[in-house]
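Report on one structure; see the data block that follows.
Please treat every number below as a calculation from the coordinates, not as lab data. Quick caveat: nothing in here was measured; it's all calculated off a predicted structure. Note that each Cβ is placed from the backbone with ideal geometry, even for glycine, and that neighbours are counted across all protein chains shown.
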């Protein structure tokens, strides 16, 4: 009907991109020539007017109070946001790229230097991979790119390590509360830099092998997070309810850490998260998000009875909207 589209639009205005589709042109409706998003925000009493528009075959425009950004990265962090959705299952079932993206999305919202280092690292990685694929033997250029990768990679590794370390106790607190202390969860960060060697040395050691393979096999672009339940891999041992609880606790921990570090209360988007959870876990989640620790929350659900039950238990001001065929109407 379009409920998730509403949340996608809110997410887009925080991150300059869709949470589900990295290709901007595919965000435009098939029957239309352009899309427009506009959000009016109250940021601690200061009004922020955020606009995004894009025509087919043209570059998208992103504006803050009618002023265009020179780089989209300048906008990241202005409107911190955490979204919990069915797509989060990819954090467990997909490859390491999704989990690295999770780390990068959170840290970039409060650390501008991290985002710049990440952009520079990816550019240097692309340049080194190009040398490898073209089978060039310009050792000086390899030295330059490897020096850059080592410098930027060291910063990124340090910040990711710090983030996971800070996140763990908060994450375990939320999981224990939602599950009523029925299970124990762990999350471990793994990186080539944990070997103790500098990335520059690792790249030099593998340069000849990388030339044969055609891509860079060592670096922070290969980092990963190992997710465990009762010391076993969550992917293999967790039930649907346990996996969903793990993901919700992880995102709520992300919310708290982001709020503490940025000194801003993020928006919280909950997209159809209550399916496949038993009643006690749903009640525990509602207790959490209805506390004063959270600010503005957007919740979608396909079951009206579910929504009514949730709203009865939340002693907060709310508005209820029905979405039908893409049209949104407030419900009394």
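Taking every DSSP beta bridge that has both ends in the chain, the antiparallel portion is near 80%.
One way to sum up the overall shape of the chain is the equivalent ellipsoid from its Cα gyration tensor, whose semi-axes run 37, 27, 18 Å, largest first.
When the chain is modelled as a GNM with alpha-carbon springs shorter than 10 Å, which of 108, 231, 73 fluctuates the most? In this elastic network of the chain, the residue with the biggest mean-square fluctuation among 108, 231, 73 is 231.
Calculated on the Cα set of the range 184-256, radius of gyration then Dmax: 16.9, 47 Å.
Comparing 247, 234, 132 in a Gaussian network model of the chain, where Cα atoms under 10 Å apart are tied by springs, the biggest mean-square fluctuation is seen for 132. Spatially, the range 1-57 and the range 280-323 are offset by 24 Å when compared through their Cα centroids.
What is the distance in Å between the Cα centroid of the range 147-163 and that of the range 91-129? Here the two parts' Cα centres lie 10 Å apart. Give, in nm to one decimal, the length gained when the segment between residue 105 and residue 314 is fully stretched (0.36 nm per residue of separation minus the Cα-Cα distance). So the chain would gain 72.3 nm between residue 105 and residue 314.
With the gyration tensor restricted to C-alpha atoms of the range 184-332, the semi-axes of the equivalent ellipsoid amount to 42, 18, 17 Å, longest first. For residue 134 and residue 280, a Förster radius of 56 Å and the Cβ-Cβ distance give a FRET efficiency of 0.45, rounded to the nearest 0.05.
Subtracting the Cα-Cα distance of residue 180 and residue 47 from 0.36 nm times their residue separation leaves 43.8 nm of extension gain. For a Förster distance of 25 Å, can you work out the FRET efficiency between the beta-carbons of residue 119 and residue 208, rounded to the nearest 0.05? Efficiency at R0 = 25 Å is approximately 0.30.
Annotation: for a label point projected 7 angstrom from Cα along Cα→Cβ of residue 161, residues of the range 196-221 with backbone N closer than 11 Å are 196-198. Here r is the Cβ-Cβ distance between residue 172 and residue 70 and R0 is 41 Å; the resulting FRET efficiency, rounded to 0.05, is 0.50. Spin-label model, residue 26/residue 265: points 7 Å from Cα along the beta carbon direction are separated by 3.6 nm. Of 121, 41, 174, which is the most mobile in a GNM of the chain whose springs link Cα atoms less than 10 angstrom apart? Highest fluctuation of the listed residues: 41. The gain in end-to-end length when the residue 291 to residue 190 segment is fully stretched comes to 32.9 nm, 0.36 nm per residue minus the alpha carbon separation.
What number in nm² do you get for the range 30-100 if you take the convex hull of its Cα atoms and divide its surface by four?
Its average projected convex-hull area is 7.4 nm².
So what is the calculated 222 nm ellipticity per residue for the chain, using -39500 (n - 2.57) for each DSSP H run with n of 4 or more, over all residues, to the nearest 500 deg cm²/dmol? Value at 222 nm, helices only, nearest 500: -15000 deg cm²/dmol.
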